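The structure appears below as structure tokens.
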Amino acid sequence: MRILVAGGAGYIGSYLIPVLIERGYEVEVIDLMWFGNHLPSSVKVAQKDLFECKEEDLEIYDQIIFLAGLSNDPMAEYGPAMNFVFNAALPSYLAFTAKKASVKRFIYASSCSVYGYTVNELYDEDSPVTCGYPYGVSKLQGERGVLQLSDENFSVIALRKGTVSGFSPRMRLDLIVNTMFKFAVSDKHITVDNPSIWRPVLDIRDATNAYLRAIQADYSISGVFNIASDNYTVGQVGDMVKREVEKLTKQKIAITIKNIEDFRNYKVTIDKAKTNLGFQPQYTISDIVQSLYDHKACFENYDDDTFYNIRVFKKLNHNSYL
Ligand SMILES: NC(=O)c1ccc[n+]([C@@H]2O[C@H](COP(=O)([O-])OP(=O)(O)OC[C@H]3O[C@@H](n4cnc5c(N)ncnc54)[C@H](O)[C@@H]3O)[C@@H](O)[C@H]2O)c1
């Protein structure tokens, strides 16, 4: 099976693609390379904007995985116009073109951030989506734009992922567990911005399994699926990272608790993905910390700008689309 991973040179793609290749999939990538290329040299990569893709470029693929766009709140706030163009219009354009090209399935990297500030209930895919901030709104628009194209010949699966964490060859240190790990090992100190806020956390290895399940699902399946390893409060994440890093380094880690207001607070049920896709998460926060610790030599230069999306994005000066 031939798969195009759109935006595949980023954090998730750089971990996912070697696994896809190992499983026998033929993978190609189109990416603007904002963060360089950390993929195996055998992967065919075209450096270009996905808006340049025409129907004839996509005819060769069985499935497309969409991982492109602006991938966090600071980027979305820094470049609001570009955020809506790349996160809402681009997936719609690519899915529309893919459908015309007879691609069989489009898998969209959605986000649980579409849920916004919830009332501490477990949210499923039918719960209200109340976000009002640029990143969440644009991910929701992207999701709706691609899903409305699904029919019996074109399957569309949107994976609403929790915050992904863990090691990837294209490393990010601006994701909850990765950030706390960095501060724990470098400063022996973790800051918890708001301990009572809920977040679904997703080990990058569980995220990869979710993409595999989506690729392998029967073509009659389309829809939205929450994907997480588990739900935690930010306070719980802080305590777990502290405990695990103390165990691994035999050094004391301090915690500072703040009460900074957050506009995101949600926990989700993944029952639909378990039932319909056969997704079963396997990893915990301690597994994430262990894997970060095992790979820390690869990102020990903690201040390297490439580990922080907003720093790279500001340098690219993409605060306007025109
Ligand atoms: N990382 C997370 O915690 C998380 C959680 C939920 C959803 N998501 C979504 O998953 C996707 C991947 O996340 P990530 O952490 O790997 O992001 P990332 O920022 O590491 O990678 C995004 C990649 O897309 C490329 N790109 C962006 N716009 C493009 C365009 N127009 N044409 C070609 N390439 C383009 C960039 O060069 C980059 O390599 C994103 O859509 C993000 O919104 C991520």
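The table that follows gives values for the structure above.
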item: Test: residue in the stretch 8-17 that is more than 9 Å from the ligand (Cβ to nearest atom), free of Cβ contacts under 8 Å to residues at least 40 places away in the same chain and within 17 Å of the chain's Cα centre (by Cα); result: yes
item: Every pair of residues 6+ apart whose Cβ atoms lie under 6 Å, when the first sits in the stretch 219-232 and is closer than 15 Å to Ile65 by Cα and of a type outside the set (Phe, Trp, Tyr) while the second is open to solvent by 10 Å² or more (accessible area, probe 1.4 Å) and in a loop (DSSP other than H, G, I, E, B); result: Ser222/Ser150; Val224/Glu125
item: Extreme residue, farthest from Leu32 (Cα to Cα), among residues of the stretch 43-57 that are of a type outside the set (A, V, I, L, M, F, W, C) and within 9 Å of the ligand (Cβ to nearest atom); result: Glu52
item: Selection count where residues are touching a residue at least 40 places away in the same chain (Cβ under 8 Å), of a type in the set (D, E, K, R) and within 16 Å of the ligand (Cβ to nearest atom), scope the stretch 130-152; result: 2
item: Hits in the stretch 233-262 (condition: in a helix (DSSP H, G or I), over 16 Å from Arg199 (Cα atoms) and open to solvent by 50 Å² or more (accessible area, probe 1.4 Å)); result: Lys242, Arg243, Lys247
item: Residue within the stretch 168-180 that is within 15 Å of the ligand (Cβ to nearest atom), of a type in the set (Ser, Thr, Tyr) and open to solvent by 30 Å² or more (accessible area, probe 1.4 Å) present; result: yes
item: Hits in the stretch 127-150 - residues which are closer than 14 Å to Gly223 by Cα and either assigned to a helix (DSSP H, G or I) or basic (Lys, Arg) (or both); result: Leu140, Gly142, Glu143, Arg144, Gly145, Val146, Leu147
item: Filter result for the condition that a residue is within 11 Å of the ligand (Cβ to nearest atom), free of Cβ contacts under 8 Å to residues at least 60 places away in the same chain, open to solvent by 50 Å² or more (accessible area, probe 1.4 Å) and within 18 Å of the chain's Cα centre (by Cα), over Asn87, Asn37; result: Asn37
item: Only listed residue being within 12 Å of the ligand (Cβ to nearest atom) and either of a type in the set (S, T, N, Q) or open to solvent by 50 Å² or more (accessible area, probe 1.4 Å) (or both), chosen from Ser113, Ser102, Ser127, Ser92; result: Ser113
item: Residue match in the stretch 190-198 (condition: open to solvent by 10 Å² or more (accessible area, probe 1.4 Å) and not in a loop (DSSP other than H, G, I, E, B)); result: yes
item: Sole exception among (1) within 30 Å of Cys131 (Cα to Cα); (2) loosely packed, with under 13 Cβ neighbours inside 10 Å for Gln216, by number; result: (1)
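The values are calculated or read from the model by the stated rules, or taken from the named source; none is laboratory data. This structure is a prediction, so every number in the text was calculated from the model and none was measured. Every residue, glycine as well, gets a Cβ built from its backbone with ideal geometry; the counts of neighbours run over all protein chains shown. Calculation scope for accessible area: heavy atoms of the full protein, side chains included, ligands and nucleic acids excluded. Shrake-Rupley method; radii C 1.70, N 1.55, O 1.52, S 1.80 Å.
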